Amino acid sequence: MLAAVALLALSSGIAAASPAKSKTTAAVPAAPPPPPFEPLPPPKAYLFRGAMGPIFSTGMDRLGEKLTQAGFSADVYEFTLCRLIGNRVIASYKEKAAPIVLIVHSMGGLCSIVISEMAAKENIPISLVIAIDPAHATGDVPLNVERFINIFLSDSVLGGGDVVAVPGFRGHYASYDLKENARVSHINIEKSDDIHRQIVEMVTKLPRIPPQTQADAVPLRYLVPADTLVELWDSGVRLPVRRGDTMESIAAANRVPLWSLAQSNSLAEDAQLTPGQTIIVPRHLIPPEPAAAMAMPPPAGRR
């Protein structure tokens, strides 16, 4: 009897001393890398003339021809056909989703907003809108527009539309007021070969741009100095100021004119900068590489 009790006690002690079996934790699989970005189909461009367009908006026809020669679908319409063409835009997108580009002049500016709002009701994005001296009656840019560029003359009676975005807009926005350029008027602003060239380049790049985080897009508003060619940036980006940076060195590193940097930040061109502050730098459809944006100055004594 005593031997049995002792054996039972010994067994209990061994069991108590045995470590509890540890629970095995299942390994959490690593998140798969994002799939490679697939270029989008070629954009479809819809151009709208202003009032008496065949006489005063002939630059839109020339631009349409240039886009067609570059291999894009580009049709030119009268602004009176906004809703009719808007229905075609929506039907075409539903048949085959391709980036939608709207390019408008004068009263055609109304069409850019009307069609964008029609598309918004169908949850269809508008990839790019370029308004060239749109009419004052042009509405606000809706949320489904991914990029909006306004080139206008604030002192123009026939155009002069200082188009703004609705509250909560998170897309890319840039506004260019050319009133300081005495050679530009409402009836020749849409005929600029330089602006045409940049628009064709933007439309060409559009399908190859990877999705961007719109939260970092800073709206741009410029009063372009007289006799200065317009460079069509689509928004700004905030970059940090590093030791030794100046307004001039940052402008040079990012290949932007000093006046644009000054206006973007409401600073003088020779303003003193403090390491750690942020500077808004204009950018094109494809943002600059952060590493190239701010070059560290060479150590003292080295050149």
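The values are calculated or read from the model by the stated rules, or taken from the named source; none is laboratory data. The model shown is predicted, which means the values in this text are computed figures rather than measured ones. Note that we place each Cβ from the backbone using ideal geometry, even for glycine, and neighbour counts take in every protein chain shown. Side chains are part of the model used for accessible areas, which takes the heavy atoms of the whole protein and leaves out ligands, DNA and RNA. Shrake-Rupley method; radii C 1.70, N 1.55, O 1.52, S 1.80 Å.
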Exercise for the section: Quick one: pull the percent of accessible area on region 195-272 belonging to carbon and sulfur, 1.4 Å probe, ligands and nucleic acids left out. Expected result: 52
Problem - Of LYS44/LYS121; LYS94/LYS191; LYS96/LYS191; LYS66/LYS205; LYS96/LYS121, pairs whose Cα-Cα distance is over 26 Å - result: LYS94/LYS191; LYS96/LYS191
Exercise for the section: With a cut-off of at most 12 other beta carbons within 10 Å, and DSSP calling the residue loop, which trypsin sites (Lys or Arg not before Pro) in region 187-284 qualify? Please list them. Expected result: ARG243, ARG255
Exercise for the section: For region 95-166, run through the trypsin sites (Lys or Arg not before Pro) and keep only the ones in DSSP coil with at most 11 other Cβ atoms within 10 Å of their Cβ. Expected result: LYS96
Problem - Gain on full stretching of the segment that runs from THR274 to GLU248 - 0.36 nm per residue minus C-alpha separation - result: 8.0 nm
Fill in the blank from the handout: Result for region 176-258: accessible area per residue, probe 1.4 angstrom, in square angstrom, of 50
Fill in the blank from the handout: Check: C-alpha center region 90-125 vs C-alpha center region 133-181, spacing in Å is 16
